[in-house]
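Only one structure is covered here, and it is reproduced in the block below.
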């Protein structure tokens, strides 16, 4: 394979759920001599520290989901501008392959790749195919998937589907260790993570739930809570007022380390988060986002809930008193958390990035898969 064929564009929406899989694959591609560029949206600025900024291109785009009909002409114009940007950047880079990880910023990039006769792979992380990926599926050469059975894919595309699992950040495995209960450690690390964009619902309900605990249980807690910037001061004051040791931030860049050190996670259930929880075997309370498109966040939790590693709560039916009872019982009975940590019997050796890279190699070499 000559050097000109070693350039690849990864495209993803600018949230952690879309980006982390793309970044995990980036590491694998770099090790194998590929030159990687990232096409995404402006939200990426708060998420990336280590990616070479000279290889990031911001692509305008928009979504028709949950928007009024009157806004559609504006969104269509944004996508058109994004297509022009994508064509310009792609022509300058001259890649041999484009890989889409979902999110609407991927649409103009993949369209541009098709117009320029560049090979296309789409990766679907969720249990049900996302709308952007579904729209682009007809243009792709391959579809790699994070789950054995993904809903919403027509049978005519079956020959494109390759199960790889979801790529996981190498840092997740760097800090991996055996689970110890909070009775063994003498404290309980509680990580609260509403996704890369934070979760206002968490900022409202969780501090109130924790405040209902008795003082002995509060004294055990070490809370790490990610919040939106406009909620930072309020949430920080809440924990301070109840004398709970806490670290409140708008983003945790050391999340892989925190996840491995946590006795309990309370989180949304995006595909990347679920994959990382499975890999670390961290006990978790998942609260799927009630407005997630096609109910993908709830569907992502099914396998881990079935084996008992996670507890899943319906956001519409959940209040602070109900959540308090769950947290209180888990602190009271460390054996429950220990059993949750042991529920996932599989030894996770994540080689998803390697599998996708192998598919790339074969596709670019015109080998049959």
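The values are calculated or read from the model by the stated rules, or taken from the named source; none is laboratory data. Note that this is a predicted model, so its numbers are computed, not measured. As a convention, Cβ positions derive from the backbone with ideal geometry for all residues, glycine included, and neighbour counts pool all protein chains shown.
No other residue among 70, 120, 93 is without any contact (Cβ under 8 Å) to a residue 24 or more places away in the chain and in contact with a strand residue (DSSP E or B) (Cβ under 8 Å, 6 or more places away or on another chain) apart from 120.
For residue 339, the criteria (1) over 19 Å from residue 202 (Cα atoms); (2) under 24 Å from the mean Cα position of the chain (by Cα) hold in every case but one, which is (2).
Return the total of residues in segment 100-122 being closer than 16 Å to residue 138 by Cβ and under 21 Å from the mean Cα position of the chain (by Cα). Residues meeting the conditions: 8.
Yes or no, residue by residue, for (1) assigned by TED's automatic domain parsing to the domain that holds residue 292; (2) surrounded by 14 or more Cβ atoms within 10 Å (Cβ to Cβ); (3) modelled with pLDDT of 85 or more; (4) farther than 30 Å from residue 295 by Cα:
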{"position": "70", "(1), (2), (3), (4)": "no, no, no, no"}
{"position": "73", "(1), (2), (3), (4)": "no, no, no, no"}
{"position": "78", "(1), (2), (3), (4)": "no, yes, yes, no"}
{"position": "85", "(1), (2), (3), (4)": "no, yes, yes, yes"}
{"position": "94", "(1), (2), (3), (4)": "no, no, yes, yes"}
{"position": "102", "(1), (2), (3), (4)": "no, yes, yes, no"}
{"position": "124", "(1), (2), (3), (4)": "no, yes, yes, no"}
{"position": "130", "(1), (2), (3), (4)": "no, yes, yes, no"}
{"position": "134", "(1), (2), (3), (4)": "no, yes, yes, no"}
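Go through segment 123-141 and report how many residues are under 14 Å from residue 352 (Cβ atoms) and touching a strand residue (DSSP E or B) at 6+ places or on another chain (Cβ under 6 Å). Of the residues in that region, 2 qualify. With respect to the conditions (1) without any contact (Cβ under 8 Å) to a residue 60 or more places away in the chain; (2) farther than 12 Å from residue 57 by Cβ, residue 101 falls short on a single one, namely (1).
I need the full set of residues from segment 227-247 which are surrounded by 15 or more Cβ atoms within 10 Å (Cβ to Cβ) and without any contact (Cβ under 8 Å) to a residue 24 or more places away in the chain, in order please. Those that are surrounded by 15 or more Cβ atoms within 10 Å (Cβ to Cβ) and without any contact (Cβ under 8 Å) to a residue 24 or more places away in the chain: 232, 236. For beta carbons closer than 9 Å, sequence separation of 6+ or different chains, a first residue in segment 151-171 that is over 19 Å from residue 271 (Cβ atoms) and a second that is surrounded by fewer than 19 Cβ atoms within 10 Å (Cβ to Cβ), the qualifying pairs are 157/138; 160/141. Within segment 1-21, the residues that satisfy the criterion of being part of a helix (DSSP H, G or I), buried (at least 20 other Cβ atoms within 10 Å of the Cβ) and modelled with pLDDT under 85 are 16, 17, 18, 19, 20.
Within segment 22-42, can you find the residues that are in a strand (DSSP E or B) and touching a strand residue (DSSP E or B) at 6+ places or on another chain (Cβ under 6 Å)?
35, 36, 37, 38, 39
Just to be sure before I move on: is residue 161 buried (at least 19 other Cβ atoms within 10 Å of the Cβ) and either farther than 22 Å from residue 336 by Cα or assigned by TED's automatic domain parsing to the domain that holds residue 316 (or both) in the structure I sent? No, not satisfied.
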